[in-house]
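Nothing in this text is a laboratory measurement; each read-out follows from the coordinates by a stated rule. Everything numeric here is computed off the predicted structure, so don't read it as measured data. Don't worry about glycine lacking a Cβ; one is built from the backbone with ideal geometry, like all the others, and counts go over all protein chains shown.
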Amino acid sequence: MLLKKIRFFSSCREELHRIGLAEALICGSVTAFASVLVRGISGSPYRCINFLHLHGVIPPVWLMSMLWFVWHFIIGATMGAVMGNSNFCCGIPKYRGGMFWVLMTVFGLIWYPMFFCAEMMFFSMLDVLVVLALSVICAIDFFRVYKLCGFVMALYSLWLLWMFTLNFRAFIGA
């Protein structure tokens, strides 16, 4: 078991040397900018937080905003790394994962205004489930291209599980 873990982390270290940094940074920056744009257009979440009494459920707004920005940068960088892979044997999982990543990102960016502005708790909960399913598919496909990118997407899926619990708590309380 320990030997498998050591092999996994050593293969991730080798993958870091093959990942195109420029593609990862560009995609990460564009995705992070889109998340800031959505947040800026949507406005402050305080009205929804106060209305639904979510103060004890979610972290402070500044931390939530920072996590929103960082996660979008990370998943964007992951997409850039996968798309920057020039290995022809990874074509199908690369492009299929990329297609699902685009859908996942669009649905993920829709979640914020749906939850905090429109207060559509049921539909935002369904939206998180769609994003969660797409992130799992992306994690599987990205893992076939770069193990590290698949691992990052799996961590993002865990984040989405927490987001689902937040949505469910808000839906029950609404």
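Per residue, the average separation of C-alpha pairs within less than 8 Å and at least 6 apart gives the chain a relative contact order of 27 percent. Each helix, a run of at least 4 DSSP H residues, gives -39500 (n - 2.57); summed and divided by the residues of the chain, these come to -28500 deg cm²/dmol at 222 nm. Compute the FRET efficiency between M120 and N87 as 1/(1 + (r/R0)^6), taking r as their Cβ-Cβ distance and R0 = 30 Å, and round to the nearest 0.05. My answer for the efficiency is 0.10. Listed by Cβ neighbour count within 10 Å, with the fewest neighbours leading, K147, K94 appear as K147, K94.
Distance between the modelled labels on L21 and V102, one decimal in nanometres: 2.9 nm (7 Å Cα→Cβ projection). Hey, what angle do you get for helix 2-18 against the long axis of the chain, alpha-carbon based, 0 to 90 degrees rounded to 10? Its long axis makes an angle of about 90 degrees.
With a Förster radius of 35 Å applied to the beta-carbon distance between W162 and Y95, the computed FRET efficiency rounds to 0.75. Projected label points at H55 and F171, each 7 Å from Cα along the beta carbon direction, are separated by 2.6 nanometres.
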